[in-house]
Amino acid sequence: MSVTILAIAEQRNGEIKKTSFETIRKAREIADELGGSLKALVIGNTINDAAKELGNYGAEQVVVVNDEKLTHYSTTGYTKVVSEIVKKENTGILFLSATALGKDLAPCVAARVDGAVAADCTELKVDDGDIVATRPVFAGKALIDVKVEAPVKIFTLRPNVFAAGEPSGSEASIEEQSVDISGDDLKTKVTEITETSKGKLDVTEADIIVSGGRGLKSPDNFYLVEELADVLGAAVGASRAVVDAGWRPHDEQVGQTGKTVSPALYIALGISGAVQHLAGMSSSKYIVAVNKDKDAPIFQVADYGIVGDALEVVPALKEELTKALGK
């Protein structure tokens, strides 16, 4: 019997997030290998136009749930919607991005639909008609292959690991569905949104990240990170130590208790490399570290390392990169 696959596409302010394109593309590949059908699901308010874009990445049909009460993410509200659609579509496999939203939503949905979750997957393959997922364990020190044994198999995919590929120029058909959302389904309510960094790159979606740690000695020196990131067109990240100290906002924190990232290039400035930080960035394609302690753990995962004071190295690095990039 053909399996029905559903992929959740995240949107923010009416725009589909890049990680969702990656998820849809991989879901399409799995659906083709299993001989199954694929639908995407987008939840929000007046999002039909944005949803059509998912056709570029393999979604032939997109289920859209429009509701003013779902304009902003709600754990309980989204859980009810996804659970209802999963049951209605007789979904056997569910894909989400391993973003903050996906990590929050996946286990809640699993509890509602008799499902189980393989979280933060870095590879998926089909073996004898079943999905084998590779995921990190023990703070990224090891990888394991797992199969999900449940009526509804749920996978969250690590951002920036699975390629979205080029848009195909196809447009998905839209199927509007409604789910009755009452006040009891919304346990919290967004009363205000304060944008602290409008237009700033999200570290989970960036191809290049420049992160700073306590080796910068003062929050006043974080301009070095920002300027280098600007030269490279990169996102700015931070270690937990500097976030806890109030130097940087939490949305920049990279690590086990922050955001897990997999950019093409990760530059760590003045970061010693505690195990919690390494768990969040060790899957980066290339890692460059600057630290004055030659025995810092960060050098164990770095492809290139500079032993030196970040306050002295970064200005020189910025100058050379500016020349090389013609900026």
Note to self: Just the residues that are touching a strand residue (DSSP E or B) at 6+ places or on another chain (Cβ under 6 Å), of a type outside the set (Phe, Trp, Tyr) and in contact (Cβ under 8 Å) with a residue 24 or more places away in the chain, please, taken from region 216-235.
What the structure shows: Val225, Leu228, Leu232, Ala234, Ala235
Notebook entry, point to check: Taking Asn56 and the conditions (1) in a helix (DSSP H, G or I); (2) under 25 Å from Leu186 (Cα atoms), which numbered condition does it fall short on, given that it satisfies the others?
Noted result: (2)
Checklist line | Close pairs from region 109-125: first touching a residue at least 60 places away in the same chain (Cβ under 8 Å), partner hydrophobic (A, V, I, L, M, F, W, C), Cβ under 7 Å, at least 6 apart | finding: Asp120/Ala98; Thr122/Val161; Leu124/Ile30; Leu124/Ile131; Leu124/Ala133; Leu124/Phe155
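Kindly state which helices (runs of 4 or more DSSP H) lie completely within region 229-327 and contain at least 3 residues that are over 21 Å from Thr122 (Cα atoms).
Details: elements: 240-244, 275-281, 310-324.
It comes to 240-244, 310-324.
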Margin query: Let me confirm something: among Pro263, Pro315, which residue is closer than 22 Å to Ala142 by Cα and either at pLDDT 95 or above or in contact with an Asp or Glu (Cβ under 6 Å, 6 or more places away or on another chain) (or both)?
Written below: Pro263
Note to self: Restricting to region 221-253, and then to whatever is of a type outside the set (Lys, Arg) and touching a Phe, Trp or Tyr at 6+ places or on another chain (Cβ under 9 Å), can you tell me which residue is surrounded by the most Cβ atoms within 10 Å (Cβ to Cβ)?
What the structure shows: Gly237
Checklist line | Extreme residue, surrounded by the fewest Cβ atoms within 10 Å (Cβ to Cβ), among residues of region 166-205 that are part of a loop (DSSP other than H, G, I, E, B) and aliphatic (A, V, I, L, M) | finding: Ile193
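In region 201-231, what count of residues is obtained for those that are hydroxyl-bearing (Ser, Thr, Tyr) and modelled with pLDDT under 95?
1
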Next item on the list: Filter the strands (runs of 3 or more DSSP E) completely within region 67-165 down to those with at least 1 residues that are modelled with pLDDT of 95 or more, hydroxyl-bearing (Ser, Thr, Tyr) and in the same structural domain as Ile8 (by TED's automatic domain parsing).
Entry: 93-97, 130-137, 152-157
Margin query: Please verify whether Ile154 is among the β-branched types (Val, Ile, Thr) and more than 27 Å from Pro263 (Cα to Cα), treating the condition exactly as stated.
Written below: no
Notebook entry, point to check: Any residue in region 257-265 that is farther than 27 Å from Thr156 by Cβ and either acidic (Asp, Glu) or touching a residue at least 12 places away in the same chain (Cβ under 8 Å) (or both)?
Noted result: no
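Would you confirm, using the coordinates I've provided, whether Lys153 is in contact (Cβ under 8 Å) with a residue 60 or more places away in the chain and over 19 Å from the mean Cα position of the chain (by Cα)? Explain how you work it out, then say what you get.
Values: in contact (Cβ under 8 Å) with a residue 60 or more places away in the chain: yes; over 19 Å from the mean Cα position of the chain (by Cα): yes.
Taking the combined requirement at face value, the residue satisfies it.
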Margin query: Exactly one of these conditions fails for Lys52: (1) under 25 Å from Leu201 (Cα atoms); (2) in contact with a Gly (Cβ under 9 Å, 6 or more places away or on another chain); (3) surrounded by fewer than 21 Cβ atoms within 10 Å (Cβ to Cβ). Give me its number.
Written below: (2)
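The values are calculated or read from the model by the stated rules, or taken from the named source; none is laboratory data. Bear in mind the structure is a predicted one, so any value in this text is a computation, not a measurement. We place every Cβ from the backbone using ideal geometry, glycine too, and count neighbours over all the protein chains shown.
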